[in-house]
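What follows is a short report on a single structure.
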Amino acid sequence: MEKKFICIVCPMGCELTAETDKQGNLTAVAGNRCKRGESYAEQECKTPMRMLTSTVRIEKALYQRLPVITSASIPKDMIFQVMSEIDRVKIEAPVELRQIIIKNVCGLSADIIASRSMAEVHQ
Amino acid sequence: MNTVELVIIGGGSAGMAAACGAYEAGVRDILILERDKELGGILLQCIHNGFGLHYYKEELSGPEYAERWEKKIEEYGIAYRLDTMVLDITADKVITYTNTVEGYTKVRAKAIVLAMGCRERTRGAIHIPGFRPAGVWTAGTAQRYLNMEGYLVGRRIFILGSGDIGLIMARRMTLEGAEVLGVAEIMPYSNGLPRNIQQCLRDFEIPLYLSHTVTNVFGKDRVSGIEISQVNQKFEPIAGTEKRFDCDTLLLSVGLIPETQLGQNAGVLLSPKTKGALVNDINETETEGIFSCGNVLHVHDVVDFVSEEGLHTGKNAAAYLQNKLMRAEEANVSAGAGIGYVLPQRVRKTLAEAVTFSFRVTDVKKNAELLVKVDGKVVKSVKKRQMIPAEMERITLKAEELNDLQSELVLEIRED
């Protein structure tokens, strides 16, 4: 089967054409300008993975939201489940950059971590 | 009045990099003036990842990218003022600013770097017909509300413009439980990075309507719906192609304009094409000692290049302050066939260093050749598989390739 998608590894945005066998394994890929495009295509045909970024509620900080990011990419079809876990969290400043906010979220072997530091602010 | 060697207007990615560039070249008396509550600029609301691939060879979120530069500013001990609004800059480099600590203050600079970034085009800029209800937002404003202040500005969203902020917001609002009904783009191609079409629209099955624009806004107090129409080659709506969407919010991602007002007061001349300053190869404007970099110079799509440009500008502002700058006659740089704009617009002759030129093509170019002509003679040609207006292109010319430059350097596209 032939699948067409855009590589999201870097801003180049190569248009990939991937050939897969009946089991969904990659047999050929065209359109990539680097090696990473090839492994991306392989993964995308098997289990599409995405990094997820969002925010959690924070108190005693300059703003009401703390930006967070997954420590590794997660399966695309788990995004909304992970989002509902993120929605439940409320934390207090101070927060360190890359501090773990949710460990091993949804058992995916990835953590939700702070994508910036936030100092405590006394109102 | 206090005198400061180098004043940098704006503490976003360009301003922070310019400060670091100047510091690393030996300038110690630097002051950054920033209007927001923190350094970092627009990166602080860009919580998605993908920043830093060129500069750090890793993928960071916007806030983390900003934090790295902020740390450097702290480490170098570079002075900055937050919550500070610059009101005026004069050609003799007197800067007027105000904040709650110092009040109304004037400072004299020996050199200035303009790094104020850009702002979003609004509904008024593109004349959308219809009522004027609440619920029409620029995408960046909605992004700040959502990612920093914690407010989702609507539940059923339509987005006009396929610039990166619009695409990123389509995904972001979907993740937060809003329904994004579609994105309309007046051009026959997307104005965002291809990867964002994939991961922000296709991943969530959000339709993209190319060659479409919003032709009506309904609702008196709050948006109740919008109408889009297909456009012809002259971008005029085609009667009979109207589609109506019931929504409570219209987000606009219809372009960015350099925030150049302050520079104009100081006599800085602007390019009608980039809407930013006219500069030479060290990003010095036509006003001596006033430099410009980042999105106030021309709108970038990748922050790494803003940082590079800031470092280069800061380093040269330092050379200017230290009287180490090599002055020479300047040749013109112009955009030939197929090129929308090219920067810098002037380059010093008899240069002993390489110069990087930034440009955008006028429309999608496939399997085309980029030609660099020095006084009419092709000195370099590069084959390009694809160039699109949404992606800023760069080309670096070595000093020896610029040796013979007398009057004009032209970049142009040759198509088969």
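The values are calculated or read from the model by the stated rules, or taken from the named source; none is laboratory data. Keep in mind it's a predicted model, so treat the numbers as computed, not measured. Positions of Cβ are generated from backbone atoms using ideal geometry, with glycine treated the same way; all protein chains shown enter the neighbour counts.
If the condition is being surrounded by 19 or more Cβ atoms within 10 Å (Cβ to Cβ) and closer than 27 Å to B:Glu185 by Cα, then segment B:359-387 contributes B:Phe359, B:Arg360, B:Val361, B:Lys365, B:Ala368, B:Met387. Listed by position, the strands (runs of 3 or more DSSP E) inside segment B:210-328 whose residues that are farther than 22 Å from B:Ala91 by Cβ number at least 2 are B:212-218, B:225-230, B:243-245, B:249-252, B:256-258. Residue count for segment B:357-390, restricted to those that are assigned to a loop (DSSP other than H, G, I, E, B) and within 19 Å of the chain's Cα centre (by Cα): 5. Being in contact with a strand residue (DSSP E or B) (Cβ under 8 Å, 6 or more places away or on another chain), touching a residue at least 24 places away in the same chain (Cβ under 8 Å) and either within 12 Å of chain B (Cβ to nearest Cβ) or aliphatic (A, V, I, L, M) (or both) is not true of A:Pro11. Considering only residues in segment B:64-83 that are in contact with a Phe, Trp or Tyr (Cβ under 9 Å, 6 or more places away or on another chain) and within 21 Å of B:Tyr145 (Cα to Cα), the one that is farthest from the other protein chains (Cβ to nearest Cβ) turns out to be B:Tyr65. Taken over segment A:24-58, the criterion of being of a type in the set (D, E, K, R) and touching a Cys at 6+ places or on another chain (Cβ under 7 Å) is satisfied by A:Arg33 alone. Every listed requirement among (1) away from chain A (no Cβ under 14 Å); (2) modelled with pLDDT of 95 or more is met by B:Ile126 save one, (2).
Identification of strands (runs of 3 or more DSSP E) wholly contained in segment A:57-123 with 3 or more residues that are within 10 Å of chain B (Cβ to nearest Cβ) and within 27 Å of B:Phe204 (Cβ to Cβ) yields A:65-70.
So, B:Gly52, is that one on the phi > 0 side of the Ramachandran plot and within 19 Å of the chain's Cα centre (by Cα) or not? Against the criterion (on the phi > 0 side of the Ramachandran plot and within 19 Å of the chain's Cα centre (by Cα)), B:Gly52 qualifies. Between B:Val86, B:Val4, the distinction of being within 21 Å of the chain's Cα centre (by Cα) and away from chain A (no Cβ under 14 Å) belongs to B:Val86 only. Of the numbered criteria (1) of a type in the set (Asp, Glu); (2) under 16 Å from B:Asn280 (Cβ atoms); (3) out of contact with any Cys (no Cβ under 9 Å at 6 or more places or on another chain), the one B:Asp416 fails is (2).
The helices (runs of 4 or more DSSP H) found wholly in segment B:92-189 and carrying at least 2 residues that are surrounded by 20 or more Cβ atoms within 10 Å (Cβ to Cβ) occupy B:139-144, B:164-175. Hey, among the residues in segment B:8-28 that are surrounded by fewer than 24 Cβ atoms within 10 Å (Cβ to Cβ) and of a type outside the set (Phe, Trp, Tyr), which one's farthest from the other protein chains (Cβ to nearest Cβ)? That would be B:Gly26.
Can you tell me which residue within segment B:391-406, out of those that are in a loop (DSSP other than H, G, I, E, B) and over 25 Å from B:Asp416 (Cβ atoms), is farthest from the other protein chains (Cβ to nearest Cβ)? So, considering only residues that are in a loop (DSSP other than H, G, I, E, B) and over 25 Å from B:Asp416 (Cβ atoms), the one farthest from the other protein chains (Cβ to nearest Cβ) is B:Gln406.
A single entry from B:Leu31, B:Leu82, B:Leu43 fulfils the requirement of being surrounded by fewer than 20 Cβ atoms within 10 Å (Cβ to Cβ) and either in the same structural domain as B:Leu311 (by TED's automatic domain parsing) or closer than 27 Å to A:Ser54 by Cα (or both): B:Leu82.
Yes/no per residue for (1) assigned by TED's automatic domain parsing to the domain that holds B:Ile95; (2) more than 30 Å from B:Leu60 (Cα to Cα); (3) under 14 Å from the mean Cα position of the chain (by Cα); (4) among the acidic types (Asp, Glu):
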{"residue": "B:Gly276", "(1), (2), (3), (4)": "yes, no, yes, no"}
{"residue": "B:Thr285", "(1), (2), (3), (4)": "yes, yes, no, no"}
{"residue": "B:Glu309", "(1), (2), (3), (4)": "yes, no, yes, yes"}
{"residue": "B:His312", "(1), (2), (3), (4)": "yes, no, no, no"}
{"residue": "B:Ala317", "(1), (2), (3), (4)": "yes, no, no, no"}
{"residue": "B:Val333", "(1), (2), (3), (4)": "no, yes, no, no"}
{"residue": "B:Gly338", "(1), (2), (3), (4)": "no, yes, no, no"}
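Within segment B:4-36, the residues that satisfy the criterion of being part of a helix (DSSP H, G or I), of a type outside the set (A, V, I, L, M) and closer than 17 Å to B:Ala66 by Cα are B:Ser13, B:Gly15, B:Cys20, B:Gly21. Return yes or no: is B:Asn49 within 14 Å of chain A (Cβ to nearest Cβ) and in contact with a strand residue (DSSP E or B) (Cβ under 7 Å, 6 or more places away or on another chain)? Answer is yes for this residue. Scanning segment B:36-50 for residues that are touching a Lys or Arg at 6+ places or on another chain (Cβ under 7 Å) and either of a type in the set (S, T, N, Q) or under 20 Å from B:Thr287 (Cα atoms) (or both) turns up at least one hit.
Restricting to segment B:339-350, name every residue that is of a type outside the set (D, E, K, R) and either part of a strand (DSSP E or B) or surrounded by fewer than 20 Cβ atoms within 10 Å (Cβ to Cβ) (or both). Result: B:Ile339, B:Gly340, B:Tyr341, B:Val342, B:Leu343, B:Val347, B:Thr350. Against the condition assigned to a helix (DSSP H, G or I), within 14 Å of chain A (Cβ to nearest Cβ) and over 21 Å from B:Arg144 (Cβ atoms), how does B:Lys57 come out, does it pass? Criteria not met by B:Lys57. Test B:Arg244 against the stated conditions and say whether it is surrounded by fewer than 22 Cβ atoms within 10 Å (Cβ to Cβ) and either within 14 Å of another protein chain (Cβ to nearest Cβ) or without any contact (Cβ under 8 Å) to a residue 12 or more places away in the chain (or both). No; evaluated as a whole, the condition is false for this residue. When segment A:47-92 is filtered for residues that are under 8 Å from the mean Cα position of the chain (by Cα) and of a type in the set (Val, Ile, Thr), the ones remaining, listed by number, are A:Thr53, A:Ile69, A:Thr70, A:Ile74. Could you tell me which residue of segment A:18-44 is surrounded by the fewest Cβ atoms within 10 Å (Cβ to Cβ), considering only residues that are hydroxyl-bearing (Ser, Thr, Tyr) and away from chain B (no Cβ under 14 Å)? Checked segment A:18-44; the qualifying residue surrounded by the fewest Cβ atoms within 10 Å (Cβ to Cβ) is A:Thr27.
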